[in-house]
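Data block below; observations after.
The values are calculated or read from the model by the stated rules, or taken from the named source; none is laboratory data. Treat the numbers as computed from the prediction; the structure is a model and nothing was measured. Using ideal geometry, Cβ is built from the backbone for each residue, glycine included, and neighbour counts are taken over all protein chains shown.
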Amino acid sequence: MDQNVVSMTNVSKVFGESSNNKTIALQNIDLTIAPNEFISIIGPSGCGKSTLLRLIGDLITPSSGDIRVNGKQAHQARLDQDYGMVFQAPVLFEWRRILQNVSLPLELRGVKKKDRETQARRLLGMVELNGFEDHYPWQLSGGMQQRAAIARSLATQPQLLLMDEPFGALDEMTRERMNMEVLKIWEQTQVTVVFVTHSIAEAVFLSTRIVVMSARPGRIMHIVDVDLPVPRDEQTREMETYFRVETEVREWLRKAEEYSG
Amino acid sequence: MNWVKKYGPPLLLFIATIALWELMVRMLDIQKFLLPAPSVIGAAFIENLDRLTYVGWFTTKEALGGLAIGSTLGIGVALATARWTIVSEALMPFAIAANSVPIIAFAPIFNNWFGIDNPFAKMMIVAVIVFFPMMINTVRGLTLVDPAALELMHSYAATDYQVLWKLRLPNALPYIFSAFKVAATLSMIGAVVSEFFGGSRSALGVFITQEAAQFRFQNSWAAIIIASIIGIGFYMVVILVERIAIPWHSSMRGPTHH
């Protein structure tokens, strides 16, 4: 019995396989993620970080290899709504109020209106958006919109959260606040997180492990263990271990860049 | 005070134009059959008000009937083809080409098909005129969806039906309303102009041509005013419905932001 939330075995992804200009986006990826891990994926642009995340979510299919989520085929896991996804943009529907946006996944599942709204209200409370239930997305700031998107991704109470550079579009201050917010949610819900980022600081602060990737073809260069104590807070950023891990990640990233040529 | 700021300038411009028109006609002694003065048109308007409302209502029914048929078919075809993008992609170039054809030129042919006195002939002309912008815009609205939103729906294993009703259709609503604004005005123009090619004596377009033929140009002008009022009325109704139906859209937003 596979206890891992995600296990990828020898996964490769080639785009434009039949054409002349085929690109190998990912090659021989082996990665297993245990329950309640917080995994960041970092690497130079074009290293296939987002592709890796989309493969786990079955938004694209691998050219070869095997991907399992909660012990099932990735495809079955998607049909069972086993994961929630947060994109770089909030992707809130502008015609729905915040409450209706957050309860959308439950609506698609056929959950009764009263039940899904109760759940959505609870999640909005968790991301500190009480009082904004009846607002339209445009009435919220970028950070608030992304918090609503996180609440939506948790609506079906998934075991797995896939986050694709969720705070890339936010300013530094908002980003740090959002990092704290995500850690709080991670601790409260015991969810497993796969987090794509290109910020070293963000990766080190949040993760239990950091996957460093190289580009063309996308491969896993190294996996850095982050042995910082949990729960993390502002003091974490001042710890010696924090700087040590940050340096280690930076060195591996430099190697990844050289490797990519 | 806001009211004055908003409506004051256009109202003033309108009054100035009318006054200048009146003044020019009197000072230059322009013949009545070339350009009647606003006061003369106004008098003709009041004198013929009963007749004008009668013919106006007759043509309004044709325009509304055509608008209903054309937009229902246009939206219907767009929805049916949205399911099969290949079909709508194959159809679009023809629709865009057909949209640039002067459909009004078919009026004599339609009169021949359905009978010159039959209002249905005019309704069909209006329906064909309205069909293409309605269909083209609806297809655009259904297909120009944020790829990330589609990915989101996909990640939740939403069915095609759910994607259509919860994403594509709401996304298309602003496009549909833009099409309705165009179609509403086009429907009145289509109805009146198709009546120029012959029709019932109760029709607005027929009234305009007959009065002109008998050199009662002030009556034709008065009829044109009625046609304009109806056209503007259609447009205002669409705006009103739009405000109620899509209050979330960016065009409806007030200036206050968080």
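Observations
- Residue within region B:220-242 that is small (G, A, S) and touching a strand residue (DSSP E or B) at 6+ places or on another chain (Cβ under 8 Å) present: no
- Flag if A:R219 is of a type in the set (D, E, K, R) and without any contact (Cβ under 8 Å) to a residue 60 or more places away in the chain: no
- Qualifying residue in region A:87-103 (condition: more than 13 Å from chain B (Cβ to nearest Cβ) and either under 16 Å from the mean Cα position of the chain (by Cα) or of a type in the set (K, R) (or both)): no
- Qualifying residue in region A:162-173 (condition: in a helix (DSSP H, G or I) and either at pLDDT below 95 or at negative phi (or both)): yes
One line per residue, one yes/no per condition, for (1) surrounded by 18 or more Cβ atoms within 10 Å (Cβ to Cβ); (2) within 14 Å of chain A (Cβ to nearest Cβ):
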{"residue": "B:I176", "(1), (2)": "yes, yes"}
{"residue": "B:K181", "(1), (2)": "no, no"}
{"residue": "B:T185", "(1), (2)": "no, no"}
{"residue": "B:F196", "(1), (2)": "no, no"}
{"residue": "B:A222", "(1), (2)": "yes, no"}
{"residue": "B:I225", "(1), (2)": "no, no"}
{"residue": "B:V237", "(1), (2)": "no, no"}
{"residue": "B:I244", "(1), (2)": "no, yes"}
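- B:A63 being in contact (Cβ under 8 Å) with a residue 60 or more places away in the chain, farther than 30 Å from B:D160 by Cβ, among the aliphatic types (A, V, I, L, M) and surrounded by fewer than 17 Cβ atoms within 10 Å (Cβ to Cβ): no
- Looking across region A:127-160, the residues that are farther than 20 Å from A:S40 by Cβ and of a type in the set (A, V, I, L, M) come down to A:V127, A:L129, A:L140, A:M144, A:A148, A:A151, A:A155.
- Of the residues screened, A:I185 is not one that is part of a helix (DSSP H, G or I), in contact (Cβ under 8 Å) with a residue 12 or more places away in the chain, touching a strand residue (DSSP E or B) at 6+ places or on another chain (Cβ under 8 Å) and within 19 Å of A:E37 (Cα to Cα).
- Any pair with Cβ under 6 angstrom, 6 or more apart, that starts in region B:71-87 at a residue that is within 14 Å of B:M134 (Cα to Cα) and ends at one that is aromatic (F, W, Y) and assigned to a helix (DSSP H, G or I): B:L73/B:F131; B:G74/B:F131
- Per-region count, region A:226-261, residues assigned to a helix (DSSP H, G or I) and either touching a residue at least 60 places away in the same chain (Cβ under 8 Å) or exposed (fewer than 10 other Cβ atoms within 10 Å of the Cβ) (or both): 10
- The single residue among A:L123, A:L99 that is over 29 Å from A:G218 (Cβ atoms) and at pLDDT 95 or above turns out to be A:L99.
- Figure legend. Inter-residue proximity from region B:192-219: first residues assigned to a helix (DSSP H, G or I), second residues charged (D, E, K, R), beta-carbon distance below 6 Å, spacing 6+ or different chains. Indicated pairs: B:S194/B:K122; B:G205/B:E195; B:V206/B:E195; B:N219/B:E211.
Quick grid of which residues meet (1) crowded, with 20+ Cβ neighbours inside 10 Å; (2) away from every other protein chain (no Cβ under 14 Å); (3) among the charged types (D, E, K, R):
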position	(1), (2), (3)
B:F94	no, yes, no
B:V101	no, yes, no
B:A107	yes, yes, no
B:N112	no, yes, no
B:F120	no, yes, no
B:G141	yes, no, no
B:L150	no, no, no
B:Y156	yes, no, no
B:T159	no, no, no
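- Some residue of region B:3-23 being among the hydrophobic types (A, V, I, L, M, F, W, C), in a helix (DSSP H, G or I) and in contact with a Leu (Cβ under 7 Å, 6 or more places away or on another chain): no
- Residues of region A:112-165 that turn out to be touching a Gly at 6+ places or on another chain (Cβ under 8 Å) and of a type in the set (D, E, K, R), as a count: 1
- Unmet criterion (only one of (1) in a helix (DSSP H, G or I); (2) more than 15 Å from the chain's Cα centre (by Cα); (3) modelled with pLDDT of 85 or more; (4) not charged (D, E, K, R)) for B:V145: (1)
- Unmet criterion (only one of (1) more than 15 Å from the chain's Cα centre (by Cα); (2) within 14 Å of chain B (Cβ to nearest Cβ)) for A:E133: (2)
- Summed over region A:231-247, the residues that are farther than 17 Å from A:I42 by Cβ and of a type in the set (K, R) give a count of 2.
Each row is one residue, and each column tells you yes or no for (1) outside the structural domain of B:P170 (by TED's automatic domain parsing); (2) over 25 Å from B:F197 (Cα atoms); (3) among the hydrophobic types (A, V, I, L, M, F, W, C).
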{"site": "B:R51", "(1), (2), (3)": "no, no, no"}
{"site": "B:Y54", "(1), (2), (3)": "no, no, no"}
{"site": "B:W57", "(1), (2), (3)": "no, no, yes"}
{"site": "B:G65", "(1), (2), (3)": "no, no, no"}
{"site": "B:A78", "(1), (2), (3)": "no, yes, yes"}
{"site": "B:M92", "(1), (2), (3)": "no, yes, yes"}
{"site": "B:S100", "(1), (2), (3)": "no, no, no"}
{"site": "B:F110", "(1), (2), (3)": "no, no, yes"}
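- If the condition is being within 18 Å of B:R216 (Cα to Cα) and polar (S, T, N, Q), then region B:1-52 contributes B:Q31, B:S39, B:N48.
- The number of residues in region A:194-218 that are assigned to a strand (DSSP E or B) and surrounded by fewer than 20 Cβ atoms within 10 Å (Cβ to Cβ) comes to 1.
- Test: residue in region B:16-23 that is among the acidic types (D, E) and more than 16 Å from B:S220 (Cβ to Cβ): yes
- When restricted to residues that are away from chain B (no Cβ under 12 Å), surrounded by fewer than 18 Cβ atoms within 10 Å (Cβ to Cβ) and free of Cβ contacts under 8 Å to residues at least 40 places away in the same chain, region A:137-169 contains 1.
Yes/no matrix, rows are residues, columns are (1) modelled with pLDDT under 95; (2) in contact with a His (Cβ under 9 Å, 6 or more places away or on another chain); (3) not acidic (D, E):
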residue: A:N28; (1), (2), (3): yes, no, yes
residue: A:N36; (1), (2), (3): yes, no, yes
residue: A:S40; (1), (2), (3): no, no, yes
residue: A:G43; (1), (2), (3): yes, yes, yes
residue: A:L55; (1), (2), (3): no, no, yes
residue: A:N70; (1), (2), (3): yes, no, yes
